[in-house]
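Have a look at the structure below before the remarks.
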Amino acid sequence: MTVPFLDLNALHQPLKDEFLARIGEIIDSGEFILGSAVEEFEKQFAAFCGADHAIGVNTGTSALHLALLACGVGPGDEVITTPSTFVATVSAIVYTGAKPVFVDTDPATWTIDATKVESAISKRTKAILPVHLHGRMADMATLKEIADRRGIVLIEDACQAHGARRDGTQAGVYGDVGAFSFYPGKNLGALGEGGAVTTRNAEIARKVRLLRNWGSEVRYHHDEHAFNYRMDGFQGAALGIKLRFLDQWTEGRRRAAKHYDRRLDDLGVTRPSDDVGRHVYHIYAILVDDRDRVISELADLGIQSAIHYPIPVHLQRAYRNLGYEVGDFPVAERLAQKWLSLPMDPNLSESSVEQVTSSLASLI
Ligand SMILES: *Cc1c(COP(=O)(O)O)cnc(C)c1O
């Protein structure tokens, strides 16, 4: 038996007729961009996150970009973030003209080390941008305390954390504003690209709505220099259908994670602390030595694994101009060399987990 990394087809097949019916309705109505399907999804997603506002956009990267802009981040500002993330977190900061300032990663939870944030704050610091990596929320209580005390904005990269919760607060509303991605492989994925900004702040929501649509409330009247970051109707419809199943899918991921935890503890495999509230397991990763060999031997046994992500952002060539070097963030660098993502899927069965872990046991 092969174990795929993620089986999207199995999630989509039972919904295919419903997708096609809604897509047919949109073709008939001509509401290809924004429109009622997107508005409906925005309401449902806001309710799901406990937000007053959710604004649908075309990608998670755009959601981050607009969240930053709506908080007033721009040239001359600094934004504190983590090098242990997908590159888009950092790209979005650079799009605004602000400078990303990295802080090393917490070795226990793999999210930004909140105890190191304060010493990275300067007069130019405008925002802190933690990433809820792999679906595990950052230490938001500490970050919020720092942000509030220092008068800094707190923006969540929740692109991997749909439905995560910590201290009783949902991802996307713990800070001032949150950014979600609906890239197909995310816990809630579109049938194409998609993203959303969530907030309880009416002014931030107003700005994001303006900025995603050419700075225009009245057609051909442009109040701000802005973008075309609109969500399309098909994606709004598909996301509305899939959102109904998200809690159930998350429970499936959490069940699979428990099975992994039990087996891997027996094997003495190193994994991060999951004492972080409701972790939604976008990714289930462990640390292994000799990772390339393990990946290829797992593949020989029919098990797909992956790396999220092999190079921390401060060492990516694209951002060499920021001036960071090997050794600047030893935790982030060590994790990037060792972490390995195992199959994780809402329908991943206990027997598949057993197959993955017993194969691992024979390799490490
Ligand atoms: C996926 C992702 C993004 C970007 O989202 P897109 O929809 O692909 O633009 C940003 N940050 C993180 C942490 C992500 O995982």
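Read-outs: derived from the displayed coordinates by stated rules, not from any lab. Just so we're clear, the structure is a prediction, and the values are computed from it rather than from any experiment. Ideal geometry is used to build each Cβ from the backbone, glycine not excepted, and the neighbour counts take in all protein chains shown.
Assorted remarks:
- Condition broken by Cys159, with the remaining ones in (1) closer than 23 Å to Arg271 by Cβ; (2) touching a helix residue (DSSP H, G or I) at 6+ places or on another chain (Cβ under 6 Å); (3) surrounded by fewer than 22 Cβ atoms within 10 Å (Cβ to Cβ) satisfied: (3)
- Verdict on Ile152 being surrounded by fewer than 22 Cβ atoms within 10 Å (Cβ to Cβ) and more than 10 Å from the ligand (Cβ to nearest atom): yes
- Among the residues making up segment 173-186, those that are surrounded by 24 or more Cβ atoms within 10 Å (Cβ to Cβ) and within 13 Å of the ligand (Cβ to nearest atom) are Gly178, Ala179, Phe180, Ser181, Phe182.
- Verdict on Ala205 being touching a residue at least 60 places away in the same chain (Cβ under 8 Å), away from the ligand (no atom under 13 Å from the Cβ) and farther than 19 Å from Ile112 by Cβ: yes
- Residues considered: Glu325, Glu333, Glu354. Of these, the only one that is among the acidic types (Asp, Glu), buried (at least 16 other Cβ atoms within 10 Å of the Cβ) and in contact with a helix residue (DSSP H, G or I) (Cβ under 9 Å, 6 or more places away or on another chain) is Glu333.
- Among the residues listed as Ala299, Ala285, the single one being touching a residue at least 60 places away in the same chain (Cβ under 8 Å) and either small (Gly, Ala, Ser) or touching a Cys at 6+ places or on another chain (Cβ under 9 Å) (or both): Ala285
- Scanning segment 210-229 for residues that are within 21 Å of Asp52 (Cβ to Cβ), within 22 Å of the chain's Cα centre (by Cα) and surrounded by fewer than 22 Cβ atoms within 10 Å (Cβ to Cβ) gives no hits.
- Residues considered: Leu301, Leu239. Of these, the only one that is hydrophobic (A, V, I, L, M, F, W, C) and either under 24 Å from Ser341 (Cα atoms) or in contact with a strand residue (DSSP E or B) (Cβ under 6 Å, 6 or more places away or on another chain) (or both) is Leu301.
- On the stretch given as segment 337-364, residues that are over 26 Å from Asp247 (Cβ atoms), in contact with a strand residue (DSSP E or B) (Cβ under 9 Å, 6 or more places away or on another chain) and hydrophobic (A, V, I, L, M, F, W, C) total 3.
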